[in-house]
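K.L.:
My questions will all concern the structure given below.
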Amino acid sequence: MSESLIKRAEELRRQLEHHEYLYYVLDQPEISDAAFDALMRELRELEEAHPELRTPDSPTQRVGGQPREGFLKVPHSSPMLSLDNALNEEELRDFDARVRGLLKSEEYQYIAELKLDGLSMAAYYNAGRLQQALTRGDGRVGEDVTENSRTIRSLPLRLRQSPESGGFEVRGEVVMQRRSFERLNEERANAGLSRFANPRNAAAGALRALDPTITAARQLDYFAYFLLKDGRPLLESHWDSLEALVEAGFKVNPHRRRCANLDELLEFIREWEPKRDDLPYEIDGVVAKIDSIAQQEALGWTAKAPRWAIAFKYPARQATTVLESIEVQVGRTGTLTPVAHLKAVTLSGVTVSRATLHNEDEIARLGVEIGDTVLVERSGDVIPKIVRVVEQGLHRRPFRIPRACPVCGGHIVREEGEAASRCVNTNCPARLRESLLHFASRGVMDIDGMGEALVDQLLNRGLVRNIADLYSLTADHLTALDRMGAKSASKVIHNIDASRAQPLWRVLNGLGIPFVGERTAQLLANHFGELDAIAAASNESLQEVNEVGPKVAQSINQFFAEQRNRELLERLREAGLRFAAPKQKPTRGPLSGLTFVITGTLPRLTREQAKEKIEAAGGKVSGSVSAKTSYLLAGDEAGSKLDKARVLNVPVLNEEGLIAMLGSQDEIGRQRSSS
């Protein structure tokens, strides 16, 4: 290959990167869209003619690859914690007083930044090139969305200059700008699809879309705000980190300020509240962080949030409009949720035409009827809600939950003491998509490859009408679907077949019985041993199982009383799923007969490790404190469970107390693990 072609390809890449930076980061384009497209077309044609010229960080590679069937879960370098909130000036002053008390006589300053209403994402770079991107997830483990993140034009694939020669991490916020959000909702409405409630939900759905082309079409934006190395700040001040991110080519919000004291911070907050609707993106407040990293580390963290940062939340925005109708939506567990359809009104720069009404009790509490003029409130990423009736409509009419499921005609139940009504038909089409995804998920039947893209196609083609139909699928069925080759189809069929061997508790969890999750399913399977015994058990018999109360027992009985659910079970039995659990001898040990509840953060053990030690020694671990609890194992930030234990006179243990009770057994375990 000629040297001139190599140089031309690199020159085109550098030009495109430069113009992407000007357009998507600085919002200062120098060339027209047509000129940019011409450069991109030339590079793409060059790379197609000479594939060896194509590099992973080429601008042509922002969108590419086949849709995936799921996301890999990856631990974060350090927890991505949420922030405590201050809802008014008094709460912010209390926060400042705590900081001042902990830092004693030290001088400190705040960095004030606009609180973007998006979702957090961590991007990992090595040698100045993007390597991996993770969602926040549960704060400790995120999902790998690298391919999708590459479609975000303001996220550099290759840095202008690297703040660190080796690997480092950038954390920031993924947002959807208002104009993109309005355009997306208009397109969805024209296609007969439901509108997204707010830009944050739309951005979250786009970032986790299985097809990267969907992410690209949503036109997401990325604002960087943390620079880390091995999980801790790379530089010694937060402001310096923001400046370094700017130099590296990241989009960093320009509306930020160093504040020497609380008064200057409050001035920044007051300045931006009336201007927030003028921004091209949503904000719901201001984030204040202590600038000095040494002071941040001195202040430390609670179990949930740093003590050196706080989010000041602006008050919710409100508007009046007319409630035109109420429809009912059916969720995965069959819950019927009333949704208000409103006369469209603009609220915080977003057109609002729907609001949640939660359940019948909420409608009764509000005293709202169709035709009323109502006050609607929207706060940050919260779905709009009706606050109160402003004026009763002239021809108002009440709303009633239907007696039969509006989707399948199935039986509707509402348990005593429950606010929600439910359709108990597992095969209800409204429930089916989420039921299939739940059934196939990793923690349930573990059918790898049965992700959203495949499930949607199976439903659209009419190949699956309930979860039992999965076991009638063949490789020929799957290869007829879009983007499904013979190898992938064979792998999915193999995984479906392998799921027949999953234990009883996973089958029970997969049925989607309300209030029966992994833990309850395990307890039921261990107690009864057979699915038929669970199905035939009375309320009283079910409540003999640890942690199963009247509400859970009633839900189980209602599920198995539904004829269509019993028919589904017979089909699953015919498919060869396990309806019986192997007989287990009860574990004997120093904690036999004792029930523990674990709360708070322990010094050395994780909660899961503590649970394993207790169960290995013959004890049981429950999720809630009751009069039957033998001991509460409590660590830091114990919370309400500790209060309840004291009221019920339940003995409280710390970690050392548990180890003492385990005695020689635990010592042997430690010796084995270290050998």
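K.L.:
Assigned by TED's automatic domain parsing to the domain that holds Asn654, closer than 29 Å to Ala634 by Cα and either assigned to a loop (DSSP other than H, G, I, E, B) or modelled with pLDDT of 90 or more (or both): is that true of Pro590 in this structure? Explain how you work it out, then say what you get.
P.N.:
Details: assigned by TED's automatic domain parsing to the domain that holds Asn654: no; closer than 29 Å to Ala634 by Cα: yes; either assigned to a loop (DSSP other than H, G, I, E, B) or modelled with pLDDT of 90 or more (or both): yes.
The answer is no for Pro590.
K.L.:
Go through the stretch 652-675 and give me each residue that's assigned to a loop (DSSP other than H, G, I, E, B) and at pLDDT 85 or above. Can you show your working first?
P.N.:
Taking the stretch 652-675 first, the residues assigned to a loop (DSSP other than H, G, I, E, B) are 654, 663, 675.
The one that is assigned to a loop (DSSP other than H, G, I, E, B) and at pLDDT 85 or above: Asn654.
K.L.:
How many of the residues in the stretch 614-651 are modelled with pLDDT of 85 or more and touching a helix residue (DSSP H, G or I) at 6+ places or on another chain (Cβ under 6 Å)?
P.N.:
4
K.L.:
Can you tell me which condition Leu134 does not meet? The list is (1) in contact with a His (Cβ under 7 Å, 6 or more places away or on another chain); (2) assigned to a helix (DSSP H, G or I), and all the others hold.
P.N.:
Checking Leu134 against (1) in contact with a His (Cβ under 7 Å, 6 or more places away or on another chain); (2) assigned to a helix (DSSP H, G or I), the one that fails is (2).
K.L.:
With the stretch 453-570 as the region, which helices (runs of 4 or more DSSP H) entirely inside it contain at least 2 residues that are over 23 Å from Asn425 (Cβ atoms) and under 28 Å from the mean Cα position of the chain (by Cα)?
P.N.:
Numbers: elements: 475-479, 486-498, 504-510, 518-528, 531-536, 539-542, 550-561.
Those helices (runs of 4 or more DSSP H) span 486-498, 518-528.
K.L.:
Considering only residues of the stretch 586-619 that are among the hydroxyl-bearing types (Ser, Thr, Tyr) and closer than 26 Å to Thr302 by Cβ, which is surrounded by the fewest Cβ atoms within 10 Å (Cβ to Cβ)?
P.N.:
For the stretch 586-619, the residue satisfying everything is Thr606.
Let's see how each residue does on (1) basic (Lys, Arg); (2) without any contact (Cβ under 8 Å) to a residue 60 or more places away in the chain; (3) in a helix (DSSP H, G or I); (4) buried (at least 19 other Cβ atoms within 10 Å of the Cβ):
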site: Leu155; (1), (2), (3), (4): no, no, no, yes
site: Ser165; (1), (2), (3), (4): no, yes, no, no
site: Glu169; (1), (2), (3), (4): no, no, no, yes
site: Glu173; (1), (2), (3), (4): no, yes, no, yes
site: Leu184; (1), (2), (3), (4): no, yes, yes, yes
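Rundown of residues vs (1) at pLDDT 95 or above; (2) part of a loop (DSSP other than H, G, I, E, B); (3) crowded, with 19+ Cβ neighbours inside 10 Å, yes/no style:
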{"position": "Leu242", "(1), (2), (3)": "yes, no, yes"}
{"position": "Arg257", "(1), (2), (3)": "yes, no, no"}
{"position": "Glu264", "(1), (2), (3)": "yes, no, no"}
{"position": "Glu267", "(1), (2), (3)": "yes, no, no"}
{"position": "Pro274", "(1), (2), (3)": "no, yes, no"}
{"position": "Asp277", "(1), (2), (3)": "no, no, no"}
{"position": "Pro280", "(1), (2), (3)": "no, yes, no"}
{"position": "Val287", "(1), (2), (3)": "yes, no, yes"}
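K.L.:
Now a separate question. Would you call Val387 buried (at least 17 other Cβ atoms within 10 Å of the Cβ) and either assigned to a strand (DSSP E or B) or outside the structural domain of Lys343 (by TED's automatic domain parsing) (or both)? Show your work before the answer.
P.N.:
Values: buried (at least 17 other Cβ atoms within 10 Å of the Cβ): no; either assigned to a strand (DSSP E or B) or outside the structural domain of Lys343 (by TED's automatic domain parsing) (or both): yes.
No, not satisfied.
K.L.:
Considering the stretch 95-122 alone, what residues qualify as being in a strand (DSSP E or B) and farther than 29 Å from Lys275 by Cβ? It would help to see each step written out before you state the result.
P.N.:
Applying the first criterion (in a strand (DSSP E or B)) to the stretch 95-122 yields 110-116, 119-122.
Across the stretch 95-122, the qualifying residue is only Ala122.
Residues checked against (1) within 30 Å of the chain's Cα centre (by Cα); (2) in a helix (DSSP H, G or I):
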| residue | (1), (2) |
| --- | --- |
| Ala311 | yes, no |
| Gln318 | yes, no |
| Leu336 | yes, no |
| Ala340 | yes, no |
| Lys343 | no, no |
| Val352 | yes, no |
| Asp361 | yes, yes |
| Val374 | no, no |
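K.L.:
Among the numbered conditions (1) in a loop (DSSP other than H, G, I, E, B); (2) assigned by TED's automatic domain parsing to the domain that holds Arg500; (3) more than 30 Å from Asp497 (Cα to Cα), tell me where Gly576 comes up short.
P.N.:
The failed condition is (3).
K.L.:
Identify, from the list Ala133, Ala203, the residue that is touching a helix residue (DSSP H, G or I) at 6+ places or on another chain (Cβ under 6 Å) and either surrounded by fewer than 21 Cβ atoms within 10 Å (Cβ to Cβ) or not assigned by TED's automatic domain parsing to the domain that holds Arg354 (or both). It would help to see each step written out before you state the result.
P.N.:
Numbers: Ala203 fails: touching a helix residue (DSSP H, G or I) at 6+ places or on another chain (Cβ under 6 Å).
Only one candidate passes the filter, namely Ala133.
K.L.:
In addition: Taking the condition surrounded by fewer than 21 Cβ atoms within 10 Å (Cβ to Cβ) and either free of Cβ contacts under 8 Å to residues at least 12 places away in the same chain or among the aliphatic types (A, V, I, L, M) (or both), does Ala489 pass? Steps first, please.
P.N.:
Details: surrounded by fewer than 21 Cβ atoms within 10 Å (Cβ to Cβ): no; either free of Cβ contacts under 8 Å to residues at least 12 places away in the same chain or among the aliphatic types (A, V, I, L, M) (or both): yes.
The answer is no for Ala489.
K.L.:
Hey, another quick one. Would the stretch 69-83 turn up any residue that is crowded, with 16+ Cβ neighbours inside 10 Å, of a type in the set (A, V, I, L, M, F, W, C), modelled with pLDDT under 90 and within 18 Å of Ala216 (Cα to Cα)?
P.N.:
Yes, the stretch 69-83 contains a residue that is crowded, with 16+ Cβ neighbours inside 10 Å, of a type in the set (A, V, I, L, M, F, W, C), modelled with pLDDT under 90 and within 18 Å of Ala216 (Cα to Cα).
Yes/no per residue for (1) surrounded by fewer than 17 Cβ atoms within 10 Å (Cβ to Cβ); (2) in contact with a Phe, Trp or Tyr (Cβ under 8 Å, 6 or more places away or on another chain); (3) over 30 Å from Leu454 (Cβ atoms):
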| residue | (1), (2), (3) |
| --- | --- |
| Leu508 | no, no, no |
| Ile513 | no, yes, no |
| Ala533 | yes, no, yes |
| Val548 | no, no, yes |
| Gln563 | yes, no, no |
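Here is a yes/no grid of residues against (1) surrounded by 14 or more Cβ atoms within 10 Å (Cβ to Cβ); (2) in the same structural domain as Gly517 (by TED's automatic domain parsing); (3) within 19 Å of Asn201 (Cβ to Cβ):
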| site | (1), (2), (3) |
| --- | --- |
| Gly331 | yes, no, yes |
| Arg354 | yes, no, yes |
| Ile370 | yes, no, no |
| Arg397 | no, no, no |
| Ile401 | yes, no, no |
| Val413 | yes, no, no |
| Gly417 | no, no, no |
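K.L.:
A follow-up question, please. Please find, among Leu481, Leu523, the residue that is modelled with pLDDT under 90, under 20 Å from Ser622 (Cβ atoms) and either among the aliphatic types (A, V, I, L, M) or in contact with a Cys (Cβ under 9 Å, 6 or more places away or on another chain) (or both). Full working, then the answer.
P.N.:
Details: Leu481 fails: under 20 Å from Ser622 (Cβ atoms).
Sole residue among the options that is modelled with pLDDT under 90, under 20 Å from Ser622 (Cβ atoms) and either among the aliphatic types (A, V, I, L, M) or in contact with a Cys (Cβ under 9 Å, 6 or more places away or on another chain) (or both): Leu523.
The values are calculated or read from the model by the stated rules, or taken from the named source; none is laboratory data. Predicted model only: the values in this text are computed from it and were never measured. For neighbour counting, all protein chains shown are included, and Cβ atoms are generated from backbone atoms with ideal geometry for every residue, glycine included.
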